[in-house]
Every structure is written in structure tokens, then in C-alpha cells.
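K.L.:
After the C-alpha cells below, expect a handful of questions from me.
The values are calculated or read from the model by the stated rules, or taken from the named source; none is laboratory data. All values reported here derive from a predicted model rather than from experimental measurement. With ideal geometry, Cβ positions are generated from the backbone for all residues, glycine too; neighbour counts draw on all protein chains shown.
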């Protein structure tokens, strides 16, 4: 992970996350210029501050970040921009830190997602099928798969969750 001497790197990462969050909030899209440009910038900064070791760390973080969220994209639960943004953050922070970013982003995304459901007034409608499944499983010992209403629009800008997870990981891993 880039060290505390690289305040510039953390500032640029913060700018990248702020820009990605703004674009995601505004249009539900994160432009490739931010994700690919951010990944390239992260790798350049890794090399600048840490040399070959930094390049390897950045490439490991980029690859792991991509692989961690790729299944969510393939299953339709996340946009490609979110996956590429996590990979770009991995280029800045390295493999060890990106694991923490991914975990904390999932937690932040869960909280944000529930908040979005509450604000939109569809929290109970979304969770009712799961409650019914749990009730039958606990009371009757019978598993009945939940009927999921796929027509609900429950998308939200996940770049905000990635930004929150990144901030949490940086504070958690700081010496």
C-alpha cells in the first residue's frame, strides 16, 4: 500500500472516488476515463513511490479488485463501472488493502441499499418474500424459495459505497 509519504496519491484517489461518485449519482454510469485513467494513475504512482515492488503491488490490487466484484457483475447485481472502479482503487492501494476495501464496500453498500429501499418506500415489498421463506423454514422446516419481484428498480450508485469502503480501509490500515 502506498505509504503516508504519498499524500498526493491519497489526494488523487480521493478525487477519483469523488468524481466517480458524482457521475454515478448523476447518471448511474462511471466513465471509462475515470476507471481506466484511475487505474493507470494508481500504477504510475505505485512505481513513482515504490518502484518495481509498487508496480507488482498495484497490479495485484488491480487484478484482485477486478476478480472480487466480477461475479456480482456477471450475476447482474452490479454495473461494470463499479467493478472497474474497485480495480482502479486496487491499483492505488495494492492487494491486501483491496480485500478490506471490498469487504467494507459491501457493508456500506448493504446499509446504503437498505436506506434506498426505505426512502423509496419499498423496503417491506422487497423483504416480504424472504421473511415468508424464513417463516416456513423455521416453523415447518420446509424451504420454499422466495418469489422475487424483478420489476422493482432497486439500483443505486455503488461508487458511493466503494468510496466509503476505501475511506474505511485507509483509516483501518493506517499506521
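K.L.:
Out of 45, 41, 56, report the one residue that is farther than 24 Å from residue 171 by Cβ, more than 14 Å from the chain's Cα centre (by Cα) and in a helix (DSSP H, G or I).
P.N.:
Values: 45 fails: farther than 24 Å from residue 171 by Cβ; 41 fails: farther than 24 Å from residue 171 by Cβ.
Just one listed residue meets the conditions, 56.
K.L.:
Report whether or not residue 61 is in a helix (DSSP H, G or I) and crowded, with 16+ Cβ neighbours inside 10 Å.
P.N.:
Details: in a helix (DSSP H, G or I): yes; crowded, with 16+ Cβ neighbours inside 10 Å: yes.
Considered against the rule, which asks whether it is in a helix (DSSP H, G or I) and crowded, with 16+ Cβ neighbours inside 10 Å, residue 61 comes out as yes.
K.L.:
Any residue at all in region 136-144 that's surrounded by 16 or more Cβ atoms within 10 Å (Cβ to Cβ) and in contact with a helix residue (DSSP H, G or I) (Cβ under 9 Å, 6 or more places away or on another chain)? Step through it out loud before you land on a result.
P.N.:
Restricting attention to region 136-144, the residues satisfying the condition of being surrounded by 16 or more Cβ atoms within 10 Å (Cβ to Cβ) are none.
No: zero hits.
K.L.:
Look through 69, 73 and report the one residue that is assigned to a helix (DSSP H, G or I), under 17 Å from the mean Cα position of the chain (by Cα), modelled with pLDDT under 95 and within 25 Å of residue 155 (Cβ to Cβ).
P.N.:
Values: 69 fails: modelled with pLDDT under 95.
From the options 69, 73, the qualifying one is 73.
K.L.:
Taking residue 155 as the residue in question, decide whether it is at pLDDT below 85 and under 22 Å from residue 19 (Cα atoms). Outline the logic, then answer.
P.N.:
Working: at pLDDT below 85: yes; under 22 Å from residue 19 (Cα atoms): yes.
Criteria met by residue 155.
K.L.:
Return the total of residues in region 22-36 being farther than 11 Å from residue 81 by Cβ and either touching a helix residue (DSSP H, G or I) at 6+ places or on another chain (Cβ under 8 Å) or not in a helix (DSSP H, G or I) (or both).
P.N.:
Residues meeting the conditions: 1.
K.L.:
Which of the residues that make up region 157-175 are under 16 Å from residue 11 (Cβ atoms) and assigned to a helix (DSSP H, G or I)?
P.N.:
Initially, region 157-175 is screened for residues under 16 Å from residue 11 (Cβ atoms), giving 163, 166-167, 170-171, 174.
Correct list: 163, 166, 167, 170, 171.
K.L.:
Has region 159-173 got any residue that is exposed (fewer than 14 other Cβ atoms within 10 Å of the Cβ), touching a residue at least 40 places away in the same chain (Cβ under 8 Å) and farther than 19 Å from residue 35 by Cβ? I'd like the intermediate steps shown before the answer.
P.N.:
So in region 159-173, the residues exposed (fewer than 14 other Cβ atoms within 10 Å of the Cβ) come out as 171-172.
Still in the running and touching a residue at least 40 places away in the same chain (Cβ under 8 Å): 172.
Then drop every residue that is not farther than 19 Å from residue 35 by Cβ, which leaves 172.
Yes, region 159-173 contains at least one residue that is exposed (fewer than 14 other Cβ atoms within 10 Å of the Cβ), touching a residue at least 40 places away in the same chain (Cβ under 8 Å) and farther than 19 Å from residue 35 by Cβ.
K.L.:
Scan (1) at pLDDT 95 or above; (2) touching a helix residue (DSSP H, G or I) at 6+ places or on another chain (Cβ under 7 Å) for the single condition residue 78 breaks and write down its number.
P.N.:
(1)
K.L.:
So for region 88-104 (the condition being free of Cβ contacts under 8 Å to residues at least 12 places away in the same chain and either over 11 Å from the mean Cα position of the chain (by Cα) or under 30 Å from residue 174 (Cα atoms) (or both)), does at least one residue qualify? Walk me through it before giving the result.
P.N.:
Residues of region 88-104 that are free of Cβ contacts under 8 Å to residues at least 12 places away in the same chain, as a first pass: none.
No - not one qualifying residue is present in region 88-104.
K.L.:
Out of 119, 101, report the one residue that is exposed (fewer than 11 other Cβ atoms within 10 Å of the Cβ) and under 20 Å from residue 21 (Cα atoms). Write out each step before concluding.
P.N.:
Values: 101 fails: exposed (fewer than 11 other Cβ atoms within 10 Å of the Cβ).
Only one candidate qualifies: 119.
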